[in-house]
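A quick write-up on the structure given underneath.
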Amino acid sequence: MRKIYHRLVTPEDALKIVFDHFRVEPLGVEEVELTDASGRVLAENVYSPLDLPPFDRATMDGYAVRSLDLVSASDLRPVKLKIIGKLECGDKPVLEVEEGTCVEIATGAPVPPGADSVVMVEYTRQINGDLLVFRSTYPGENIQFTGTDVSKGDLVLRRCTLLTHREIALLAALGINRVKVYKKPRVAIIGTGNELVDPGRPLTDLGKIYDSNTYMLYALLRELGCEPVRLGVVPDDEDMLRDAISRSVRTHDIVLVTGGTSAGTSDITYRVLEKLGNVLVHGLQIRPGKPTVIADVEGKLVIGLPGYPNSALVVFYLLVKPIVCKLLCREEHCVEVEAELRGRLLGAQGRRAIYPVMLIKRGDKLFAYPLPLQQGALSPIVHADGIVSVPENVELLEDGEKVRVRLLRELDGRVDLYVVGSHDLGLELLLDKLSDKYRIKQINIGSLGGIIAVSKDCADVAGTHLVDEETGIYNVPYLEKLNIKNAVLVRGYLREQGIIVQRGNPKNIRSIRDFLRPDVRIVNRNRGAGTRALLDLELKKIAKEENISFTELTKRIRGYTYEVKTHTGVAAAVAQGRADAGLGIRLAALLYNLDFIPLTWEEYDLLVRIESLERNPACRDLISLLGSEWFKKELAGLPGYRALEDTGKIIWRPRT
């Protein structure tokens, strides 16, 4: 029986329900050694037990003097003083500086009585036990007086302060070696799903995937200061999940269950929680993240997160993090920045739509570039700088609109090169070589996506290999049709494209025409990919020969609508028996130990933003490296790759 979501609530309403139902506050106090206090949250105000520094001390190497004695000192008329002693750090002063005398003193040593300043050693010269001083001093010069840093009794750290190396240094300087901190919430993490396998073990059966959610949640909770406990993966079995949750609530403060929360017949988390306790929320008014469940089980908070990693992450930031921060008496530290949207974002018809974005800084402008979002995809999580929300009552955010971006990571401001487009191992060779010198941000979204990103000033470089169906020419026709004005095309290199088939070619496939056979099932590339354009070009030739429409021809091809986004995705589909054949590069076939039928050499070029080429050293170095002998030699070592005579040269410029 499928579960119906009777009432969806916003994340804010869900938090209010949790805070109204549970006492969400720190769970107690414990005292720890200062060496164990990093990352903990202070549970009491700390007042200084002493002055800091606890005595007047010298801030320079030199001589403790009376400023009155040096009023007339100059290079031409130095003042002579008698040296009566010497003070090092840790020494107790026993001599008093009187008229006409001084004490040699080291940085950090206590200033002797009678002295009101320290003259730097650079302005002095010793002669026969006396000191010549060539400049005057003023009272207090080069002295840090008692309590000028911290005064005894000062409130130095407030309750709920997160202790980092800075606070710990201060506490140690005040002589405090133990502090009271809030107890870490113990959070149990349970994964669910028959398909999940722990990393490190082989994926023995088709349909199995590695569990990433519980590891992601473990890391997130550790970063916040919790004590997470990863309890592993429970199969889709109600009794086993019920037992796991029942045991967990007895020994943990919060239980997170990932997966099994949606309306599918095999999704069991909500059914188990209904039987174990009181379900407070089932369904958030957001996308992704709708199938979230919150329950009270034996007085403990249990949250069921969606199974897709991107959905689980969104719900963690919107729901779990604020709860955990209250338990730790920590500020949530939610930072937002304003940026100009580069692309369109669709609303979710009554739900809040949440999109990951990459932030690009151009001068004093900040652009938010939406990342491709697909259920289950992990790469947007890795590359996203923040998230943008489309409100429930908004159908569309237009390109160029100002948006608020909630940061998922700290922006350090330094990215030297943005590379967005079609992924390739030849390009990886170049970027790896540059990475020692420059910071590079790379996102692989296909040739067409890369061209668009460059045209919107959101990328410096895009790899592209789009073949025009009318002319058979690579890349240039697309740039002209899209009216690209801000970039040039730099000659890249050739990659060998062909038909990837199973080892031994059991279906005896020889050409693309064999894709029309009823016993052949193919795997296709996604629209916008250069390989997809190459296949469609060849199929249109066949359609013309057969005197039928292209659409009619493709209907005869089994698997034409089965699309994957990478060359290795094609190879994997063939290797796993989901397809008999597909177009891809030779290297992908070799990686999966498959056979390869050569068809053509395609051009993989780089679209380069003109302003980046003129002003960005990282971009110039990339193009210089592309045309180097080193790269041509490295490229020759990759099966199915070869450089050209004009590799690294500009082959197309926009018409003025």
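The values are calculated or read from the model by the stated rules, or taken from the named source; none is laboratory data. This one's a predicted model, so the numbers in the text were calculated from it and none came from an experiment. Ideal geometry is used to build each Cβ from the backbone, glycine not excepted, and the neighbour counts take in all protein chains shown.
Please specify each residue of the stretch 475-515 satisfying the condition of being hydrophobic (A, V, I, L, M, F, W, C) and either within 28 Å of Ser628 (Cα to Cα) or part of a strand (DSSP E or B) (or both).
The initial filter retains those residues of the stretch 475-515 that are hydrophobic (A, V, I, L, M, F, W, C), namely 476, 479, 482, 484, 487-490, 494, 499-501, 509, 512, 515.
Across the stretch 475-515, the qualifying residues are Val476, Leu479, Ile484, Ala487, Val488, Leu489, Val490, Leu494, Ile499, Ile500, Val501.
The residues in the stretch 404-436 that are of a type outside the set (S, T, N, Q) and over 30 Å from Lys321 (Cα atoms) can be counted, and the count is 19. Take Ile83 and tell me if it is surrounded by fewer than 16 Cβ atoms within 10 Å (Cβ to Cβ) and part of a strand (DSSP E or B). It is true that Ile83 is surrounded by fewer than 16 Cβ atoms within 10 Å (Cβ to Cβ) and part of a strand (DSSP E or B).
Restricted to the stretch 529-560, and to residues there that are of a type in the set (D, E, K, R) and closer than 30 Å to Asp424 by Cα, the residue that is farthest from the chain's Cα centre (by Cα) is Lys541.
Taken as a whole, the stretch 26-34 holds no residue that is crowded, with 16+ Cβ neighbours inside 10 Å and touching a Ser or Thr at 6+ places or on another chain (Cβ under 8 Å).
Go through (1) among the basic types (Lys, Arg); (2) over 24 Å from the mean Cα position of the chain (by Cα); (3) assigned by TED's automatic domain parsing to the domain that holds Gly259 for Lys321 and report which single condition fails. So the condition that Lys321 fails would be (2).
Would you check which residues across the stretch 435-474 are in a strand (DSSP E or B) and either within 19 Å of Leu341 (Cβ to Cβ) or in contact with a strand residue (DSSP E or B) (Cβ under 6 Å, 6 or more places away or on another chain) (or both) and list them?
Applying the first criterion (in a strand (DSSP E or B)) to the stretch 435-474 yields 440-444, 461-464, 467, 474.
Within the stretch 435-474, Ile440, Lys441, Gln442, Ile443, Val461, Ala462, Gly463, Thr464, Val467, Tyr474 qualify.
Checked against (1) surrounded by fewer than 23 Cβ atoms within 10 Å (Cβ to Cβ); (2) not in a loop (DSSP other than H, G, I, E, B), Val255 meets all criteria but (1). Looking across Asn194, Asn142, one residue alone is exposed (fewer than 14 other Cβ atoms within 10 Å of the Cβ) and either free of Cβ contacts under 8 Å to residues at least 24 places away in the same chain or not aliphatic (A, V, I, L, M) (or both). It is Asn194. Taking the stated definitions as given, is Leu417 touching a residue at least 12 places away in the same chain (Cβ under 8 Å) and more than 25 Å from Val337 (Cα to Cα)? Criteria not met by Leu417.
When the stretch 324-353 is filtered for residues that are assigned to a helix (DSSP H, G or I) and either charged (D, E, K, R) or buried (at least 22 other Cβ atoms within 10 Å of the Cβ) (or both), the ones remaining, listed by number, are Val324, Lys326, Leu327.
Kindly indicate which of Thr568, Thr600, Thr561 is modelled with pLDDT under 95, surrounded by fewer than 20 Cβ atoms within 10 Å (Cβ to Cβ) and in a strand (DSSP E or B). Quick ask: steps written out before the conclusion?
Working: Thr568 fails: in a strand (DSSP E or B); Thr561 fails: in a strand (DSSP E or B).
Just a single option satisfies the conditions, and that option is Thr600.
Among the numbered conditions (1) under 25 Å from Ile484 (Cβ atoms); (2) outside any helix (DSSP H, G or I); (3) basic (Lys, Arg), the only one that Arg620 does not meet is (2).
Taken together, Gly450, Gly446, Gly463 contain a single residue that is of a type outside the set (Asp, Glu), modelled with pLDDT of 95 or more and either under 30 Å from Leu539 (Cβ atoms) or assigned by TED's automatic domain parsing to the domain that holds Thr531 (or both), which is Gly463.
Put simply, of Ala529, Ala533 the only residue that is among the small types (Gly, Ala, Ser), in contact with a strand residue (DSSP E or B) (Cβ under 7 Å, 6 or more places away or on another chain) and either in the same structural domain as Glu563 (by TED's automatic domain parsing) or farther than 23 Å from Lys565 by Cα (or both) is Ala533.
Among the candidates Glu104, Glu88, Glu96, the residue that is charged (D, E, K, R) and either crowded, with 16+ Cβ neighbours inside 10 Å or free of Cβ contacts under 8 Å to residues at least 12 places away in the same chain (or both) is uniquely Glu104. Contact map, the stretch 292-313: first residue under 17 Å from Arg247 (Cβ atoms), second residue acidic (Asp, Glu), Cβ cut-off under 9 Å, separation 6 or more or different chains; pairs are Ala295/Glu274; Lys300/Asp253; Leu301/Asp253; Val302/Asp296.
Please enumerate the residues belonging to the stretch 121-134 that are in a strand (DSSP E or B) and buried (at least 17 other Cβ atoms within 10 Å of the Cβ). First the steps, then the outcome.
Restricting attention to the stretch 121-134, the residues satisfying the condition of being in a strand (DSSP E or B) are 124-127, 130-133.
Passing the criteria: Thr124, Leu131, Val133.
Among the criteria (1) in the same structural domain as Leu590 (by TED's automatic domain parsing); (2) assigned to a loop (DSSP other than H, G, I, E, B), the one His423 does not fulfil is (1). For the stretch 393-408, a residue qualifies if it is among the charged types (D, E, K, R) and either assigned by TED's automatic domain parsing to the domain that holds Ile451 or more than 16 Å from the chain's Cα centre (by Cα) (or both), and the qualifying residues are Glu395, Glu398, Asp399, Glu401, Lys402, Arg404.
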